[in-house]
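Accompanying notes for the structure given below.
The values are calculated or read from the model by the stated rules, or taken from the named source; none is laboratory data. Keep in mind it's a predicted model, so treat the numbers as computed, not measured. We place every Cβ from the backbone using ideal geometry, glycine too, and count neighbours over all the protein chains shown.
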Amino acid sequence: MTAEATAPQPRPLWQPGPDRIARAQLTRFHAWAAEQHGAPAPDPGDAAASYAALHRWSVEALPAFWQAVTEWFDVRFATPYETVLADRAMPGARWFPGATLNYAEHALRAADDPARARQPALVHVDERQEPQPLAWAELRRQVASLAAELRGLGVRPGDRVSGYLPNIPQAAVALLATAAVGGVWTSCAPDFGARSVLDRFQQVEPVVLFTVDGYRYGGKEHPRADVVAELRRELPTLRAVVHVPLLGTPAPDGALEWAALTAGDPEPVYEQVPFDHPLWVLYSSGTTGLPKAIVQSQGGILLEHLKQLGLHCDLGPDDRFFWYTSTGWMMWNFLVSGLLTGTTVITYDGSPGHPTTDAQWRVAERTGATFYGTSAAYVMACRKADVHPGRDADLSALRCVATTGSPLPPDGFRWLHDEVGADLWIASVSGGTDVCSCFAGAVPTLPVHVGELQAACLGTDLRSWDPQGGELTGEVGELVVTNPMPSMPVRFWNDPDGARYRESYFETYPGVWRHGDWITLTDRGSVVIHGRSDSTLNRQGVRMGSADIYEAVERLPEIRESLVIGVEEADGGYWMPLFVHLAPGAVLDDALRERIKRTLREQLSPRHVPDEVVEVAAVPHTLTGKRLEVPVKRLLQGTPLDRCVNPGSVDDVELLRVYERLGRERAATRG
């Protein structure tokens, strides 16, 4: 036996107790699937081995697994399916041909139960008020009324309905009403400017636009009447505009009033559509061109979200599900899908840190959240601000905190454990807009190790590959998925031959989904995310993840945020600068530069030490908060700004001019 084979396994930060494992819906599903669908029998004494066996079955026996999901969650097919998976080719997998169903019908099923009808389906909070509940029966009534009005406006299956709305109950009602009539929902947050919205909505040609008169953020009101007027002018396919008076202003000329459209009390009517009928269009960040318009199906999202929310997040009727998000991010769609499991969904419209950094923890406290999702960046900001949620807020109902958006650094895991609760389930998850779900993350029956996602998700054939397609364990490789998932896009909008879709995911490894992340799969089955592979750092043939550098550098109190770029140069050289946004009062002097380099040398390796450390006013991001590594790399290589980035896709285009100038200067000095 080798020394490696006998090396002790790292000690977990958290371990679910036997009662928690026994209560998990995943545990009950496993035992049932073993009896009914041929899944391997669970090992009552070894939860890790049980999950590994269940996962292996879920990807090797895809039809049996997904059939089991439909039966476990009692999916209502208006017409039966002919087979589960008619074609497993990627792209082009055909799921449940012949079946018809409706996503909204499933999202509102709890209202059918008289015991649940008066309980809250949604609880809404903003920066000014106490939680406002919306009962299941009232949610269903509003959806039914609005769906009837949409039909009256001529909205038919396949028509696009758009929302320029914040994370408010009206947005969820509009999505569900659109799905009820078989329309295709698409949304942007009202902090998006007109150009950003038009880059998205003009692609899909909506027939109805739901819009607010403005929104509140950071203690201020932000009117949006001018933007709405521009959207109306530039979207010629609109048949109707619906005014949601969030700031209390009257409807503009020709607009319909939200209150009037949701005042009726008809019986709900759910259009039964094919399994692969479009449910919504999500958008990529669009940093280097028009955002990709990603189409996902009613059936695919229904099954994927039931699995993810019911089995992986372990959500049910007794839970309250809060995720800090906006309608411009896929996590909002994921949040609304909490309704599928009968869970009470918490919608919050406001700043993540107003009036103080601990604002999100206060929302979780005031709403009794049992499952709270946020960004890794927010967790690290709380750590730097010396926030103490477990001490200062009543979070006794909270059993899980999940993070996404970027990898949660090890210090983030430890801070959540120490400052929120020692018996807290910490679920770092990773997926993407492209599938509107997670590839890896939360598993309620498994331990949590610092810096690691617990495991690949059921039904997700997640692998780590080298450039030649060889499988890797314990080494950094490309995140690939080697079998189809139901929520993979059915297509991109305005991509008739599928060329853009294939180029986005299937060009590197034909027939295999390449996501564009660096990952390590450990021999325990856990997952480490290292950052985007399309902004690779590659020093002396060694690939490095930018996330590892950010985790080490941003632990320093003087560094608010950082951005590292690796630039291949024409003469064969390699330049790796580190840009730092300093904390208030900090100065980038020789001592701090040396401390940054020493930190990276000691905690990572000499190869991780940057060639230069450069101070910047702030780090540029996409509108959904991701660092702009690829556009900055192109700017530093001398590409003009207008060819590197779509200005409407970034939070502050002016921040990019420093990199454009630096790229020009380097090009000039290098001849």
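For the stretch 307-325, filtering for residues that are surrounded by fewer than 24 Cβ atoms within 10 Å (Cβ to Cβ) and either among the small types (G, A, S) or without any contact (Cβ under 8 Å) to a residue 40 or more places away in the chain (or both) leaves 2. Put simply, of A52, A68 the only residue that is surrounded by fewer than 20 Cβ atoms within 10 Å (Cβ to Cβ), assigned to a helix (DSSP H, G or I) and at pLDDT 95 or above is A52. Residues that are under 16 Å from L122 (Cβ atoms) and either in contact with a Gly (Cβ under 9 Å, 6 or more places away or on another chain) or surrounded by fewer than 21 Cβ atoms within 10 Å (Cβ to Cβ) (or both) within the stretch 351-369 comprise V363, R366, G368, listed in sequence order.
For residues in the stretch 431-445 being of a type in the set (S, T, N, Q) and at pLDDT 95 or above, which is surrounded by the most Cβ atoms within 10 Å (Cβ to Cβ)? Give the derivation first.
We begin by selecting, within the stretch 431-445, every residue of a type in the set (S, T, N, Q); these are 433, 437, 445.
Next, from what is left, pick out any that are at pLDDT 95 or above: 437, 445.
Working: S437: 30, T445: 22.
The selected residue is S437.
Residues that are in contact (Cβ under 8 Å) with a residue 60 or more places away in the chain and assigned to a loop (DSSP other than H, G, I, E, B) were ranked within the stretch 186-234; the one that is nearest to P166 (Cα to Cα) is A189.
With respect to the conditions (1) surrounded by 17 or more Cβ atoms within 10 Å (Cβ to Cβ); (2) under 30 Å from E257 (Cβ atoms); (3) of a type in the set (A, V, I, L, M), L62 falls short on a single one, namely (2).
If you go through the stretch 28-49 and keep only what is of a type outside the set (F, W, Y), part of a helix (DSSP H, G or I) and in contact with a helix residue (DSSP H, G or I) (Cβ under 6 Å, 6 or more places away or on another chain), you end up with H30, A33, H37, A47. For the stretch 526-542, the count of residues that are closer than 29 Å to F65 by Cβ, outside any strand (DSSP E or B) and modelled with pLDDT of 95 or more is at least one. Taking the stretch 586-603 as the range and being surrounded by fewer than 18 Cβ atoms within 10 Å (Cβ to Cβ) and over 34 Å from the mean Cα position of the chain (by Cα) as the test, the residues that pass are V587, L588, D589, D590, A591, R593, E594, R595, R598.
One residue stands out in the stretch 378-394 among those that are buried (at least 21 other Cβ atoms within 10 Å of the Cβ) and aliphatic (A, V, I, L, M): the one that is nearest to the chain's Cα centre (by Cα), namely V379. Criterion applied to P510, P496, P467 was being free of Cβ contacts under 8 Å to residues at least 24 places away in the same chain and more than 24 Å from G92 (Cβ to Cβ), and the one residue passing it is P467.
Pairing residues of the stretch 120-137 that are touching a residue at least 60 places away in the same chain (Cβ under 8 Å) with residues that are among the basic types (K, R) and crowded, with 21+ Cβ neighbours inside 10 Å, at Cβ distances under 6 Å and at least 6 apart in sequence or on separate chains, gives no pairs at all. Of the set (1) closer than 30 Å to N333 by Cβ; (2) modelled with pLDDT of 90 or more, all apply to V658 but (1). Of everything in the stretch 505-525 that is aliphatic (A, V, I, L, M) and outside any loop (DSSP other than H, G, I, E, B), the residue that is nearest to the chain's Cα centre (by Cα) is I519. For the stretch 293-306, check the following and say yes or no: at least one residue is of a type outside the set (V, I, T), crowded, with 24+ Cβ neighbours inside 10 Å and assigned to a loop (DSSP other than H, G, I, E, B). The answer is no; no qualifying residue exists. Identify all residues within the stretch 604-615 that are buried (at least 18 other Cβ atoms within 10 Å of the Cβ) and part of a loop (DSSP other than H, G, I, E, B); write none if there are none. Correct list: V609, P610.
Condition check for Q25 on (1) within 23 Å of G474 (Cβ to Cβ); (2) out of contact with any His (no Cβ under 7 Å at 6 or more places or on another chain); (3) surrounded by 14 or more Cβ atoms within 10 Å (Cβ to Cβ): one failure, at (1). Among the residues of the stretch 637-658, those identified as outside any loop (DSSP other than H, G, I, E, B) and either in contact with an Asp or Glu (Cβ under 9 Å, 6 or more places away or on another chain) or aromatic (F, W, Y) (or both) are L641, C644, G648, S649.
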